[in-house]
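First up is the structure itself, then whatever we jot down about it.
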Amino acid sequence: MSMINIAERHKFILDKLAEKGYVNVVDLCKELDVSGVTIRKDLKLLEDKALLFRSHGGATVNNPYTNDKPVNEKEKLHSEEKNNIGLAAAALIAPNDAIIIASGTSVLALAKNIHPKGHLTVITGALNVALELIRIPDVEVIQLGGQLRTSSSSVTGPYAEKILEDFSCSKLFLGVDGIDLEFGLTTSNIGEAHLNQKMIATVQKIIVLVDSSKFGKRGFGRICGLEDVDEVITDTGISPHLVKAMEDMGIKVTIV
């Protein structure tokens, strides 16, 4: 039986969180020699004191649930990181490629950094992405139609989903509101999640553009599991254990 009292356990948990940003119930049980029931009670008490956020199988220092913020607000967050991510993503576009660009500020950064070699065809539901690309010679833009979401400057709905059945593209560049090792990729809008699922069915390769602040968070609408993802491009703020976990799943992780 463990001789560590409740105050010592709580200090141990909080110290681990400060170090790694995330704790796992199973690991804590082993390290503290207590039951899962005890650890879950500890995490509940610490969450009640607003010292952490519980998640499936553990706890994190960051609120795991995302809100649907307007795109002009999102653009101001982590702008340098997003620009670097966009640059790295643009380098993956091949001559005479046909790609899909979803919605979000990270993929908008991609659009701003595209300088195609040869002809490039882009399918997108994001108006701000389309407006960036129509200025570039040799880029043919196919704009999806549907219900316009003013918060993201993008469309959703059955009209946008239906037209995707007529295309086959090499890559999808996907932005997300949350990326969780267990729950997968999420967005704050269920209609957008459904459209992203149709995009995934249309491409050969899925490339996720996500700044490190989105890891460990969940939006309302689930897009897919991480097992469907081919590559993740993110910034240096990502923790090494997340990188290893994704690489162990066969995902290429590019850090910029």
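We did not get these values from a lab; they are worked out from the coordinates using the rules stated. None of the values given here were measured: they were computed from a predicted structure. All Cβ positions, even for glycine, are placed from backbone atoms using ideal geometry, and neighbour counts span all protein chains on display.
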Magnitude of the Cβ-charge dipole (Lys and Arg +1, Asp and Glu -1) of the range 138-242 about the Cα centre, nearest 20 debye, reported as 300 debye
Quote to one decimal, in nm, the extra length available between LYS205 and HIS115 on full extension: 0.36 nm per residue of separation minus the C-alpha distance between them. 30.4 nm
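Of LYS16/LYS171; LYS20/LYS112; LYS11/LYS217; LYS205/LYS244, which pairs sit farther than 31 Å apart, going by alpha carbon to alpha carbon?
Details: LYS16/LYS171 38 Å; LYS20/LYS112 34 Å; LYS11/LYS217 24 Å; LYS205/LYS244 21 Å.
As for pairs spanning more than 31 Å Cα to Cα, those are LYS16/LYS171; LYS20/LYS112.
When the helix-only estimate is applied to the chain (DSSP H runs of n ≥ 4, each -39,500 (n - 2.57), divided by the residue count), what is the mean residue ellipticity at 222 nm, nearest 500 deg cm²/dmol? Write out the running numbers ahead of the final one.
On the way: 10 runs with 93 residues, N = 256.
Result for the chain: -10500 deg cm²/dmol, rounded to the nearest 500.
Among 205-211, 245-251, 37-43, 81-87, how do they line up by average Cβ neighbours within 10 Å per residue, starting with the highest? All intermediate terms of the calculation are to be shown ahead of the outcome.
Values: 205-211: 23.4, 245-251: 13.9, 37-43: 17.3, 81-87: 21.4.
Packing proxy ranking, top to bottom: 205-211, 81-87, 37-43, 245-251.
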Size of electric dipole in the chain: Cβ of Lys, Arg +1 and of Asp, Glu -1, about Cα centre, debye, nearest 20: 440 debye
In which sequence would THR150, THR234 go, from the one with the fewest C-beta neighbours within 10 Å to the one with the most? THR150, THR234
Report the antiparallel proportion of the DSSP beta bridges in the chain as a percent, rounded to a multiple of 5. 35 percent
Of LEU108, PHE215, ALA59, whose Cα points farthest to the positive end of the dipole of the chain (charges on the beta-carbon: +1 Lys, Arg; -1 Asp, Glu; origin at the Cα centre)? ALA59
Hey, what do the phi angles of the range 52-59 turn into as Karplus ³J(HN,Hα) couplings, whole Hz, using 6.51/-1.76/1.60 and θ = phi - 60°, x for Gly and Pro? 6, 10, 6, 9, 4, x, x, 7
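Starting from the Cα gyration tensor of the range 6-60, take the square roots of the eigenvalues, sort them a ≥ b ≥ c, and report rounded, prolate or oblate (rounded when a/c is under 1.5, otherwise prolate if a/b is larger than b/c, else oblate). Could you put the intermediate results ahead of the total?
Details: a/c = 1.24, a/b = 1.19, b/c = 1.04.
It is rounded, given that a/c, with a ≥ b ≥ c, falls under 1.5.
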Row for the chain, column shape: gyration tensor on C-alpha, a ≥ b ≥ c, rounded if a/c < 1.5 i.e. under 1.5, prolate if a/b over b/c, else oblate; value prolate
